[in-house]
Amino acid sequence: MERTATTLSDVPVAHYLTSHSPPRKRGIKPMLRDMAETIRARDRQVLQAIESPRTLDELADLGLFLGKPADPLKRYHERVMLEKHLARLLERDFAHARQDGRYQKLA
């Protein structure tokens, strides 16, 4: 998603349409750049949180993205976002999954 937002920010477009927000005619490039930066910032948050090894549940309990989960749906959403960020970090060799089920930042 981060790569897509960055790529799209360089494409000259007159309208930006999505299924979940109103059409945009202005500020499209900055919005896409901000979206990519938000994803990178969340990656940094996760990396900071896994300087000490943590499980997915422990990370979800921190509420890095949505705040402390107050209900099961919010906690589920937090877990899904964490899974995506952890997958990016594992793929890029910034973190690893330990045998004990915890994730840890690579040095």
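The values are calculated or read from the model by the stated rules, or taken from the named source; none is laboratory data. Since the model is a prediction, treat every value here as computed from it, not as a measurement. Positions of Cβ are backbone-derived with ideal geometry, glycine not excepted, and every protein chain shown enters the neighbour counts. Heads up: the accessible areas ignore ligands, DNA and RNA and are worked out on the full protein's heavy atoms, side chains in. Shrake-Rupley method; radii C 1.70, N 1.55, O 1.52, S 1.80 Å.
Remark: pairs (first residue in segment 25-53, over 17 Å from HIS85 (Cα atoms); second residue open to solvent by 30 Å² or more (accessible area, probe 1.4 Å) and part of a helix (DSSP H, G or I); Cβ separation under 7 Å; 6+ apart in sequence or on different chains) = LEU32/LEU8. How many residues does segment 25-49 hold that are of a type outside the set (Gly, Ala, Ser) and out of contact with any helix residue (DSSP H, G or I) (no Cβ under 7 Å at 6 or more places or on another chain)? The total comes to 11. Residues in segment 68-97 that are assigned to a loop (DSSP other than H, G, I, E, B) and among the aliphatic types (A, V, I, L, M): ALA70 only.
For the condition open to solvent by 40 Å² or more (accessible area, probe 1.4 Å), closer than 26 Å to ALA107 by Cβ, of a type in the set (A, V, I, L, M) and without any contact (Cβ under 8 Å) to a residue 40 or more places away in the chain, LEU90 qualifies. Suppose the filter is surrounded by 11 or more Cβ atoms within 10 Å (Cβ to Cβ) and either at negative phi or under 14 Å from the mean Cα position of the chain (by Cα) (or both); does THR18 pass it? Against the criterion (surrounded by 11 or more Cβ atoms within 10 Å (Cβ to Cβ) and either at negative phi or under 14 Å from the mean Cα position of the chain (by Cα) (or both)), THR18 does not qualify.
The rows are residues; the columns are (1) within 20 Å of THR6 (Cα to Cα); (2) basic (Lys, Arg); (3) open to solvent by less than 60 Å² (accessible area, probe 1.4 Å).
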residue	(1), (2), (3)
ALA49	no, no, yes
ARG54	no, yes, no
ALA60	no, no, yes
LEU64	no, no, yes
MET81	yes, no, yes
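Within segment 11-52, if we keep just the residues that are in a loop (DSSP other than H, G, I, E, B) and among the aliphatic types (A, V, I, L, M), the residue that is nearest to LEU89 (Cα to Cα) turns out to be ILE50.
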